[in-house]
Structures are given as structure tokens and as C-alpha cells.
1. What is the set of long-range amide H partners of Leu214 at a cut-off below 5 Å, with H atoms built 1.01 Å from backbone N?
2. Within the chain, which is the longest segment that contains none of the chymotrypsin sites (Phe, Trp or Tyr not before Pro) sitting in a DSSP loop with at most 15 other Cβ atoms within 10 Å?
3. So what's the Cα pair-distance distribution over the chain, bin width 20 Å, in %?
4. What's the FRET efficiency of Asp167 with Asp341 using the Cβ-Cβ distance as r and R₀ = 22 Å, to the nearest 0.05?
5. Tell me which lysines have Cα within less than 23 Å of Lys162's Cα, excluding those fewer than 8 residues away on the same chain?
6. Compute the acute angle (0 to 90°) between the alpha-carbon long axis of helix 281-294 and the principal axis of greatest extent of the alpha-carbon atoms of the chain; round to the nearest 10°.
7. Could you estimate the translational diffusion coefficient of region 98-238 from the Stokes-Einstein equation, with Rh from the Kirkwood formula over C-alpha pairs, at 20 °C and 1.002 mPa s, in whole µm²/s?
8. So which cysteines in the chain don't have a second cysteine's C-beta under 4.7 Å from them?
Amino acid sequence: MLNAPMPSVLPVYKRYPVTFERGEGAYLYDREGRRYLDFSSGIAVTLLGHAHPHLVGVLKAQAERLWHVSNLYGIEGQEQLADRLVEHSFADTVFFCNSGAEALECAIKMVRRFHHDRGQSQRHKVIAFDGAFHGRTMAAISAGGQAKYLEGFEPALPGFPKVAPGDLGAVAQAIDDETAAILIEPVQGESGLRAWDASYLEGLRRLCDEQDLLLIFDEVQTGLGRTGKLFAYEWTQITPDLMALAKGIAGGFPMGACLATARVANAMAPGTHASTFGGNPLACAAANGVLDVLLEDGFFDRVHIAVETLRHEMERLATAFPSIITELRGKGLMCGFRLNDALVNGEVVAELINHGLLTVPAGDNVVRLLPPLIISEREVKEAVTTLEEVFQSFVDEQASTGGDGQSAP
Ligand SMILES: *Cc1c(COP(=O)(O)O)cnc(C)c1O
């Protein structure tokens, strides 16, 4: 039998049959000129929507001056960006890279180096959580808590024991004299939008303090305003020692960042870590442009209006369609719903695309709503109307195929 021809793009992505040509604000347009309301934001990336005039302006201006010089030399925009991230977070210092997985790699290396520097090299294990997602490098899939991402790539790197999230006792039990850190997403994204109580995250901080461990927050998806505050840790009374950022940080330009306290970063001497592209002038111009807008007076007031409108409307839909939505999930504009098991999230997402609304599937049969932070009340209502129409068509179908339309088969 002939093998199917190998596509010139490595076939690791299952793509929806749509190709976009341009975007404007919260809308994307495909090659036929059809308009889609973008509640995917390129998976929580395009925080300011598409072709935001300020981002286009700063990136154009930078493109005409300087793209790349290497970290062998000073980079003005990088220093400015680091100063601003430090000023607006718990951190004292920032390492720039190009993706979320790389930001996590940096955090893991810094944790090991920190303990090594204090004569505690045996402390190398990073406790991570079932369901967690930290990216696709070997360390990231080893730290991740979903077996499917490791399949065929084993052995996993050693040193990433997993515990069930939500249970402080389980974490306490997993700590031994080789433990270096605890790594957690404040809201699990890929595995189905599970948000932890502040008290649980504060409990992890307490365990770290008692046992001399470091706390890493993976805010690759939650960071930069996605949950309604600049960083998700601001919903708690505590701060982490290290934080990984990426996705939305440069509004769609590839960038990652690892933020750390001085206490942790003291072990990182010149030569201990590096990146060719990390924090290059173009990426930093884009990221500074994102911060210009996020840090404007009143920006988060408007985000909160969108959050409240979306929450209110989704509560209404959950009540109106109990045979479809079993649970509302997430926090802020990183939210969504769990589907009844009679429905498959990937198929629902495909049907929503047919109706001009882009959403993102996640684990546990969840559909994610990840609008840009600039989403208006009117656009939220437009998305909800589309959801309502599609849900109603499912209910009508259930009724015509013998179900009562309001109960699971
Ligand atoms: C997307 C994501 C990553 C990986 O980011 P990449 O840029 O794809 O490497 C890591 N952690 C979390 C929480 C994410 O959502």
C-alpha cells in the first residue's frame, strides 16, 4: 500500500479547515472575506486583538530602525521592558526567551542552580500536578501532567513527581530532601480551565517557606491580564519566587519571559543561561507596546466590564441549556464551559466556526472562550448570541432524534 504523501508542513497539527487573511480588533477575515469573531486570540496570545494601531505603529517604527543585534550588546527596549515588568510584579529580574516552554526551562534551571549555589545540589525535584501543561520540550512534557504528551517520547526526564491538584496534604507527602520546588499553573489552561482557590495557592507558598522550596507559577496563559488582573497571583495574598510568561506578552510576536526574585537569581552568573533571539529589539518593541496599553488608566476597568458581562451571559446560557453546559469554568477572560458528555468539544468548536465564532477546545470536554482583552460588551453579546443559536440547534436535534432535549442520553 502506498503511504499518503507527506505534507510539506510536519503534520503534527489537526487544523480546522479555515485560513485567515487579515484581522482587525476582535475580528478575523478568511480568504473568502467571511468574518469571524475571535474568542480564541490565537490561544490566549493576541491580547489587544488584531492589527491594534498602537502595536502596528511601534512595530513598524522598530522594523525601520533595528531588528536584531544579539545579547552580546545592550538592547534598550529589553532593559525598558524588564524595568516595567519588575516595577509591576513581585520580581527583581527578567530573562527573555521566545516561548512558554523556554520560560519554564529557565525557571527549572534557576531552581536547580539556586539550591546548587547553597550546597544543596541533591535538591533537584520539581513537584508538578496531574493535568498540568507546561509546553512541549522534554523538560516541559516531563513536568506536564498529561500522559498523552509523553507517549512515544519516553523516558521522561527524572525529577518531576506528580500529585493531584487541590490537595495540600498530597503535596506535603510528596516533599522529600531532594525536592527543590513546586510548579503550578494558577489556573490550569489546556487541561480544562481549572482555577484553584487563593487559599490553596497560599497553602503551597506556606509549604515552600516551611521546607525551603521555591514556588514557580506558570503564568504563560494566565499572565498579562487574562484573568482580570495583570498577573493571576495578584488574586492571592502571596507571590511566587519564579514566574513564566509567554503567550500574550508581546501581543502575537513570539516572546517568553522568566521572572525571578533577586534571592533566586543570585545564582545565575554570566554564561549560565542564554538565548540567541531572546528579548530582541522587535519582540521588545511589541511587548512594550502591549504594556503601554495594559497599563493605561482605566484599561482593567473596561476588562472587568467585559468579564462581568460574559460571566452574566454564560450563567444565563448554563441555566437555559442544562443538557449542553454542565459547568462554567475558569477566571476572567480565560473562561469557558464543560460540555455534556453527549457532545464532543472539538465538534462543537467546529460548528461554532461554521457560525463565525472562534473558540478553543481544552481537556475534560471543555470549550474555552479567550477573547482579546479589548473585547467590547457588544462583541461579548454577539458571541453569546451565536452560542445560543448553536446550542438551540443542538437541543432541536436532540428533540427530533427522540431525546427530550433537556437530559443526557
Ligand atoms: C501554552 C502554554 C505553555 C507553552 O507555551 P509555548 O509557547 O507553546 O511553549 C506553557 N504553559 C502554559 C500554562 C501554557 O498555557
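FYI, it's all coordinate maths here, none of it is from the lab. Since we're looking at a predicted model, the values are computed, not measured. Glycine also receives a Cβ, built like all others from the backbone with ideal geometry; neighbour counts cover every protein chain displayed.
1. Excluding prolines and chain starts, which carry no amide H, the hits are Ala181, Ile182.
2. Excluding the exposed sites themselves, the longest stretch runs over 154-409.
3. 26, 56, 17, 0
4. Given R0 = 22 Å and the Cβ-Cβ separation, E is 0.30.
5. Lys109, Lys125, Lys148
6. 60
7. In µm²/s, the coefficient rounds to 141.
8. Cys97, Cys208, Cys284, Cys335
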